[in-house]
Structure formats: C-alpha cells, structure tokens
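What follows is a single structure, written as structure tokens, with notes after it.
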Amino acid sequence: MRRLVKIGSRLVGDGQPCFIVTDIGINHNASLEITKQLIDAAVDSGCDAVKFQKRTIDVVYSKEELAKPRDTPFGKTNGDLKRALEFGLEQYKEIDSYCKQKGIMWFASCWDEGSVDFISQFNPPCYKIASACLTDDKLLRYTKSRGKPVLLSTGMSDLLMIEKAANLLDRENLVILHCTSTYPAEVDELNLMGIKTLRTYFNATPIGFSGHEIGLYTTFAAVVLGACVVERHITMSRSMWGSDQAVSVEPQGIKRLVNDIRTYEQAKGDGVIRIYPKEIPIMKKLRRIGYSEP
C-alpha cells in the first residue's frame, strides 16, 4: 500500500486531493510587492502552497561563474543578478508573516546546508530538493536531519540515481516528483508515463510532477496518470523580465489548472458501477424492456 505523507495539515498521496504548489522561485524580481501579488494569486486560485528558492550564493556558485558578464537590471555580472534575487532575513520574515495572514503554506528549495539552516528558522512544513541537487549526498542527509517531509525533483536523473537519493532520505516522509529539466520542456521530453514507472518502482512512495512546459493540459494529464502533487512556476506576466518567466503560468492559468484538477477529482469517482438515484426516473421513462425497481 502506498503511504501518505503529512505536509502541514494536509495528507498527500493516493486517495487525497492533489497537493498543488505554485513555485514563485525567483519570479519576484527582488520585489516584495510582486512576491505578495504572486502569493495572492496562489491563494485566489486555491493552491495549497507557494515555494521559493534559497541559496548561499558564494557556496552554490564559483567565483568564475559569478564573475561572468551578464547584462541585467541589477548589474553587469551574473553575481550581481544572483545576489539581487536572493532574499534575506527581513524579506523572508515578511513572506512568512504574509503567508500566515493569507492562510497558505510556504517552503523552499534549499541548495546548500546554510540555506537549510536559514529556512529552518521559519519551521516550514516540508523541504524541496531541486533536481540539480539530487546527487548532493551531503545536502540530502542534512535536509533529512530536519525531520520534515521532503519533495524530491528528479530532472537530469535516471532510476538508479533517484533510488540512491531516496535511500539517503527518509522514505517514510518522501514524495518523488517526476521532472524534466529543460526550460521550457518540449512536449516530447515530458515522458509523462514516467509517473507510472516511478509509481511501480517506488511502490510505497507518493509520486508527483514538477513541470516546466508551456501550457496546462500536460500537467492535468499528470494528475490523471497518478501524480498526487503538482508544481508549476507562477508569474504575474510571462512577458516580465527574468529567466523563468517564459516557462511560468499566469494567475488566470493557475486558477484554471486548479479548477480542472478539482473537477477531475470529483468526476473520477470510485469505479463502482451503479445506478444513480437521478437515473431512476429516466430509466422508468425510457427503458421499456427489462426494467425493474432497483
């Protein structure tokens, strides 16, 4: 039997409503005002949680990478950009307060141990391991030590890599997210049947989907195929400046996706073939042969 994982007040897994995460990431463009707009959009859409990214810039990136020329609104190097987009303590205090006020959970992808420590002070309901960090054994062990559920994205990885990562984490508190790490991911790269493969291979672990594709229908299809968690980037406008905006979903799209998923959950039923009470008067009216009172 596939286990359930408790994230905050929500049970996640088969038989439960899909846990829907909007990934704000760095789409805030260093603005708390935009951040709050994105949180509001997630709340208005009925999402369960919003997610951010936290990195210790000088740990995650080399000096050479940070020194690379890059023309951005924040400066002329890659380091100028990375540092500008990295919220600090005061900003996260504001985010934490605002999310509590709005009644929505928040957590973060922590790319290094210092970032795990930083986010831990806010007592998040779970942690996220980004696909890029799946092979960072030390980070996985450190994140596990916090004793919280972990969502593990699996882009750029094969089954043996995923299994090794899963074994380093707490399998009782783990959700694995099928993912393709291309931006945007082309339709023929999504391999949604991988959700079924992961469900078979990790037969007790809840399986979800983290998408970077254009459009919504493939994310909806992931839920039909058994994803109990879905994660999509959110933006106020795909035309905004930023590397992730083009692969993100605008507020009206997130709202439609949530509505479609919830409608499907209501419509899929339990598979038991039955005569519904509202069918009986129709049956009396239209069925002339073989009718009997149920």
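In order along segment 265-279, the phi-based Karplus estimate (6.51 cos²θ - 1.76 cosθ + 1.60, θ = phi - 60°) of 3J(HN,Hα) comes to 4, 6, 7, 5, x, 10, x, 7, 7, 8, 9, 7, x, 6, 7 Hz; Gly and Pro are listed as x. Calculated mean residue ellipticity at 222 nm for the chain: -11000 deg cm²/dmol, from DSSP H runs with n ≥ 4 weighted as -39500 (n - 2.57), summed, divided by the residue count and rounded to 500. Residue by residue, segment 40-53 carries 3J(HN,Hα) couplings of 4, 5, 5, 5, 4, 7, x, 6, 8, 7, 10, 10, 10, 10 Hz when phi is fed to the Karplus relation 6.51 cos²θ - 1.76 cosθ + 1.60 (θ = phi - 60°); x denotes Gly or Pro. Pairs over the 20 Å Cα-Cα cut-off, from the set Lys128/Lys164; Lys51/Lys164; Lys144/Lys196; Lys51/Lys144; Lys54/Lys102; Lys54/Lys128: Lys51/Lys164; Lys144/Lys196; Lys54/Lys102. Put simply, the amide H of Gly25, placed in the peptide plane, has neighbours under 5 Å in Lys51, Phe52, Gln53, leaving out anything fewer than 5 places away on its chain. Summarising the amide proton neighbourhood of Val12: residues at separation of 5 or more, or on other chains, whose placed amide H is nearer than 5 Å comprise Val5, Lys6, Ile7. Across the chain, the mean sequence separation of Cα contacts (distance under 8 Å, 6 or more residues apart), normalised by length, yields a relative contact order of 20 percent. Simple rule: put +1 on each Lys or Arg Cβ and -1 on each Asp or Glu Cβ in the chain, find the dipole, and look at Leu159, Ser31, Pro69; the Cα lying farthest toward the positive end is Leu159. For Asp71 and Leu159, a Förster radius of 41 Å and the Cβ-Cβ distance give a FRET efficiency of 0.50, rounded to the nearest 0.05. Give the percent of DSSP beta bridges with both residues in segment 5-269 that are antiparallel, rounded to the nearest 5. Around 15 percent of the beta bridges assigned by DSSP in segment 5-269 are antiparallel ones. Charge tally for Gln252 (other residues, Cβ to Cβ under 12 Å; Lys, Arg +1; Asp, Glu -1): +1.
Look at where the Cα atoms of segment 1-30 and of segment 208-269 average out, and the two centres are 13 Å apart.
A Cβ-based charge dipole, computed about the Cα centre of the chain with Lys and Arg at +1 and Asp and Glu at -1, lands at about 1140 debye.
Report, to the nearest 10°, how far helix 159-168 tilts away from the longest principal axis of the Cα atoms in the chain, using its own Cα long axis and a range of 0 to 90°. Once rounded, the angle reads 70 degrees.
Coordinate-derived values only; no laboratory data. Everything numeric in this text was worked out from a predicted model, so none of it was measured. When we count neighbours, we look across all protein chains shown, and the Cβ atoms used for this are built from the backbone with ideal geometry, even at glycine.
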